[in-house]
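First up is the structure itself, then whatever we jot down about it.
The values are calculated or read from the model by the stated rules, or taken from the named source; none is laboratory data. Because the structure is a prediction, the values reported are computed rather than measured. Because the Cβ atoms are built from the backbone with ideal geometry, glycine has one as well, and the counts that use them run over all protein chains shown. Side chains are part of the model used for accessible areas, which takes the heavy atoms of the whole protein and leaves out ligands, DNA and RNA. Shrake-Rupley method; radii C 1.70, N 1.55, O 1.52, S 1.80 Å.
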Amino acid sequence: MNEEFWKWVRKHASDDPKSLWLKYGKTHEQEIVQIECRRRFAKKLGATLQRVPRWVFPSLLAGEQSTSDILAAFHARLVPECARMADLTAGLGIDAMHCAGIAAEVTAIEMDARKADTLRGNAAEAGADNIRVVCADCRRWLEEYTGARFDIVFIDPARRSADGGRVFALADCEPNVVDMLPLLRRHTDRLLVKMSPMLDISSVLESLPDCVRIFALGTSTECKELLALVDFAHAPSHKDDIAIEAVTVTDTDTHEFRCTRSEEMVADAVYGRPRPGDYVCEPYPAVMKIGASRLVSQRYGLQKLAQNTHVYFAPGPVASFPGEQRRVVEVLPWASKVLKRFKRSYPRIAVAARNFGMSAEAVRAKLGVADGGSYRLLAVTDIAGEKLLIVLE
């Protein structure tokens with residue numbers, strides 16, 4: 001990948017990758033991979049590509065499976081300054097690169113030889129001389145490792161079974177972190193485990209008995225991952241008192257909501273029904289993932305639509321609320337006369353369904369409306385069991 005290689009990449013950077021594959025696929029395969037990855041992951045890995053313009057992607061799949069810059073930066077916040085760290089599942093190396101800015105040294109373990117070689121080159125290009133890349137199976141490597149203990153270890157087990165199917169439970173992922181816990185305890189006191197957002201938090205606490213903090217990390221539209229901090233030296237006295245945090249990263253800010261399961265157990269929610277002019281508050285997906293539904297109502301002084309309808313409202317905007325807020329235009333019953341005329345008032349509207357018994361797509365089809373426009377529709381069930389249509393600005 002000399003100057004001529006990158007000159008070709010720059011020359012064709014704005015060309016359609018499909019056309020490039022047809023015309024140059026046999027002679028410039030790796031150049032086209034770099035172009036396509038830069039197009040596809042420009043937002044996800046924008047900080048990395050800005051810092052290292054000649055960052056090399058070994059494949060499109062490596063880019064798809066990698067941690068985003070935003071989430072890797074959060075992972076790095078949990079690494080002690082000047083720590084000795086091991087990343088046991090380095091992959092493309094985005095986490096290792098971000099953590100290398102905090103840690104004194106990072107040992108990056110990657111069992112795929114091509115990815116390991118690429119990471120060595122990328123680390124050298126970035127000037128990250130405190131990253132040591134080892135091509136090995138992380139479990140076997142740990143079993144044979146005789147060096148000093150690590151201050152913290154990071155692991156992101158693959159969520160694919162041997163037959164290629166998706167798995168979520170920690171014991172089903174590869175490597176099996178649950179099975180590795182005694183081995184990991186020998187080499188570190190602190191462990192960071194990245195997990196699927198599909199996992200239930202209760203199952204995480206069952207699988208990782210020494211877990212001291214759990215994070216749900218996401219954007220304004222999606223919970224991206226769960227992250228557990230395990231401390232083998234300071235096991236929690238009671239699981240219900242473990243800090244659980246929802247962290248939502250938007251284009252302009254980071255919103256954090258922290259609670260414990262004990263707080264949620266004793267929290268009281270106030271139920272009601274919004275009126276035009278009220279503000280409906282929808283928590284970010286990460287907040288909903290940590291299960292703080294009653295606590296959200298109590299902490300922000302909000303009314304809730306129903307026990308299983310996690311939509312809240314207040315007479316006006318709510319300061320520091322970890323979610324979206326929109327003003328109510330009207331509240332309509334789910335009745336035939338309303339359904340017949342709804343399209344005339346709102347021919348284009350974004351539709352969402354919450355505890356409604358129908359999907360958003362089914363509601364949209366029933367109303368005959370197109371997606372889009374400047375209004376949002378929430379199809380919900382209230383505390384009395386009545387189905388409502390709430391139109392929001």
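Leaving ligands, DNA and RNA out of it, work out the accessible area of His238 with a 1.4 Å probe and give it in Å² to the nearest 10.
90 Å²
Given N residues in region 43-181, what is Rg(Cα) / (2.2 N^0.38 Å)?
1.01
Amide H to amide H under 5 Å from Arg132: which residues, 5+ apart in sequence or cross-chain, H placed 1.01 Å off N in plane?
Val106, Thr107, Ala108
For Val212, which sequence-distant residues (separation of 5 or more, or a different chain) have an amide H within less than 5 Å of its own amide H, given hydrogens modelled in the peptide plane?
Leu229, Val230, Asp231
Summarise the long-distance tail of P(r) for region 239-345 by giving the % of C-alpha pairs beyond 17 Å.
58 percent
Can you pull the Kirkwood radius for the chain, inverse mean 1/r over Cα pairs, to one decimal in Å?
By the Kirkwood definition, the hydrodynamic radius is 23.6 Å.
By the gyration tensor of its Cα atoms, with a ≥ b ≥ c the square roots of the eigenvalues, what is the shape of region 201-265: rounded for a/c under 1.5, prolate for a/b over b/c, or oblate?
prolate
For the chain, what is the accessible area per residue in Å² when the probe is 1.4 Å?
Computed with neighbouring chains in place, this is 48 Å² per residue.
Of the beta bridges DSSP finds with both residues in the chain, what % are antiparallel, to the nearest 5?
Beta bridges within the chain, antiparallel portion: roughly 60 percent.
Just the number, please: carbon plus sulfur as a percent of the accessible area of region 1-110, 1.4 Å probe, no ligands or DNA/RNA counted.
54 percent
Can you pull out the GluC sites (Glu not before Pro) in region 68-129 that DSSP calls coil and that have at most 16 other Cβ atoms within 10 Å?
Glu81
As I understand it, the dipole of the chain uses +1 on the Cβ of Lys and Arg and -1 on the Cβ of Asp and Glu, about the Cα centre. Which of Val338, Gly25, Ser297 lies farthest toward its positive end?
Val338
Add -39500 (n - 2.57) for each DSSP H run of 4 or more in the chain, then divide by its residues: what number comes out at 222 nm, to the nearest 500 deg cm²/dmol?
-9000 deg cm²/dmol
Mind listing which trypsin sites (Lys or Arg not before Pro) in region 23-76 are in a DSSP loop and have 15 or fewer other Cβ atoms within 10 Å?
Lys26, Lys43, Arg54
Could you give me the ³J(HN,Hα) list for region 311-318, computed from phi with Karplus coefficients 6.51, -1.76, 1.60 and θ = phi - 60°, whole Hz, x at Gly and Pro?
So the Karplus estimates, Gly and Pro as x, are 10, 10, 7, 8, x, x, x, 10 Hz.
Name the residue from Gly218, Val280, Val230 whose Cα lies farthest towards the positive end of the charge dipole of region 169-316, charges +1 on Cβ of Lys and Arg and -1 on Cβ of Asp and Glu.
Val280
Going through the cross-link list Lys289/Lys337; Lys115/Lys289; Lys11/Lys224; Lys11/Lys44, which pairs have a Cα-Cα distance over 25 Å in this structure?
Listed pairs above 25 Å: Lys289/Lys337; Lys115/Lys289; Lys11/Lys224.
So, counting K/R as plus one and D/E as minus one, what does the shell of residues with Cβ under 10 Å around Val331 add up to?
With Lys, Arg at +1 and Asp, Glu at -1, the net is -1.
Relative contact order for region 30-95 using alpha-carbon pairs under 8 Å, separation at least 6, rounded to a whole percent?
Computed over region 30-95, the figure is 35 percent.
Determine which aspartates and glutamates satisfy two conditions relative to Lys304: a Cα distance under 12 Å, and not lying fewer than 8 residues away in the same chain.
Within the straight-line limit of under 12 Å, Lys304 reaches these aspartates and glutamates: Asp268, Glu282, Asp382.
Work out the charge dipole of the chain with +1 on the Cβ of Lys and Arg and -1 on the Cβ of Asp and Glu about the Cα centre, then indicate which of Gln325, Pro347, Val79 is farthest towards its positive end.
Of the candidates, Pro347 comes out farthest on the positive side.
Once amide H atoms are placed 1.01 Å from N in the peptide plane, what residues at a sequence separation of 5 or more from Val311, or on another chain, have their amide H within under 5 Å of its amide H?
Leu305, Ala306
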